[in-house]
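Asker: My structure is below; once you've seen it, I'll send some questions.
The values are calculated or read from the model by the stated rules, or taken from the named source; none is laboratory data. As the structure is a computational prediction, the values presented were derived from the model and not from experiment. Glycine also receives a Cβ, built like all others from the backbone with ideal geometry; neighbour counts cover every protein chain displayed. With ligands, DNA and RNA removed, areas are computed over all heavy atoms of the protein, side chains included. Shrake-Rupley method; radii C 1.70, N 1.55, O 1.52, S 1.80 Å.
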Amino acid sequence: MATSRIRRSAAAVLTMTAVATTVLVGQAMADEDRPATATATAPATATDTVPASASAHAPADTVDTADASARSGRVPRIAAAWHSAWTGEDPNALAGLFTKDGTLVDLSVPYTSHGREEIAEFKAITERLIPDADLEITDAFRSGDRVVIRTDYSGTLPGASKSFKVQMATVLELRHGKIAVNTDYYDRATMLRQSGLPADWRPPAQR
């Protein structure tokens, strides 16, 4: 009888140990998956390649964002480079982030640019039409070769009596670290209503 109790006690101890180990491992994995809290900010540089620099404590694919509105603290490096290029003045800085056959699709204009030359031209056209155009990152994340960026897009359209500020979502599809497809989604109707423009308004270049 005593031997039987000892065996049952030993089995119970082993079972409790296994359960505790499983819980601790699960907590450790959850901690690893939890996004790191940003401790510093560093501006992204507008270059023709994805920036390689990041905080020593940041995940390899993220950098601290200089955008005060970014709620996630850190954004994927390609998202930071994309934002820096769009808010910069050099159209080729944006085009250089794309593959040679890359595509930029603005579904709300609508307008599609194929290849780096057309993408640079689209950026230049945007600057001419909306000189005060601005993007503020509110969130961004990466899953495999896809990156989602949420921004507040603002500016003043030609002929508008007021400026606009709408939420925009951008999906980047990557190939070997560069953008193969960039698709922008935002509410054109809201943009025009905020601007005081008619619903059938079109950019001057499309008239």
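Asker: Is it fair to say Leu97 is in contact with a helix residue (DSSP H, G or I) (Cβ under 9 Å, 6 or more places away or on another chain), under 17 Å from Pro203 (Cβ atoms) and open to solvent by less than 10 Å² (accessible area, probe 1.4 Å)?
Answerer: no
Table: residues versus (1) β-branched (Val, Ile, Thr); (2) open to solvent by 60 Å² or more (accessible area, probe 1.4 Å); (3) within 30 Å of Arg74 (Cβ to Cβ); (4) touching a Phe, Trp or Tyr at 6+ places or on another chain (Cβ under 6 Å).
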site: Gly102; (1), (2), (3), (4): no, no, yes, no
site: Arg128; (1), (2), (3), (4): no, yes, no, no
site: Pro131; (1), (2), (3), (4): no, yes, no, no
site: Thr190; (1), (2), (3), (4): yes, no, yes, no
site: Leu197; (1), (2), (3), (4): no, no, no, no
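Asker: Restricted to the stretch 135-158, and to residues that are within 20 Å of Pro204 (Cα to Cα) and touching a residue at least 40 places away in the same chain (Cβ under 8 Å), which residue is most open to solvent (accessible area, probe 1.4 Å)?
Answerer: This residue is Pro158.
Asker: Just a yes or no: is a residue in the stretch 171-187 free of Cβ contacts under 8 Å to residues at least 40 places away in the same chain, open to solvent by 30 Å² or more (accessible area, probe 1.4 Å) and more than 18 Å from the chain's Cα centre (by Cα)?
Answerer: Checked the stretch 171-187: no residue is free of Cβ contacts under 8 Å to residues at least 40 places away in the same chain, open to solvent by 30 Å² or more (accessible area, probe 1.4 Å) and more than 18 Å from the chain's Cα centre (by Cα).
Asker: Quick one: is Ile130 touching a Ser or Thr at 6+ places or on another chain (Cβ under 9 Å) and among the hydrophobic types (A, V, I, L, M, F, W, C)?
Answerer: Details: touching a Ser or Thr at 6+ places or on another chain (Cβ under 9 Å): yes; among the hydrophobic types (A, V, I, L, M, F, W, C): yes.
In short, yes.
Asker: Sort through Ala56, Ala52, Ala85 and tell me the only one that's of a type in the set (A, V, I, L, M) and either at pLDDT 95 or above or under 21 Å from Thr138 (Cβ atoms) (or both). Please lay out each step first, then the result.
Answerer: On the way: Ala56 fails: either at pLDDT 95 or above or under 21 Å from Thr138 (Cβ atoms) (or both); Ala52 fails: either at pLDDT 95 or above or under 21 Å from Thr138 (Cβ atoms) (or both).
Result: Ala85 is the single residue among Ala56, Ala52, Ala85 that is of a type in the set (A, V, I, L, M) and either at pLDDT 95 or above or under 21 Å from Thr138 (Cβ atoms) (or both).
Asker: Are any of the residues in the stretch 193-201 out of contact with any Lys or Arg (no Cβ under 9 Å at 6 or more places or on another chain) and under 17 Å from Val148 (Cα atoms)?
Answerer: No; the residues of the stretch 193-201 include none that is out of contact with any Lys or Arg (no Cβ under 9 Å at 6 or more places or on another chain) and under 17 Å from Val148 (Cα atoms).
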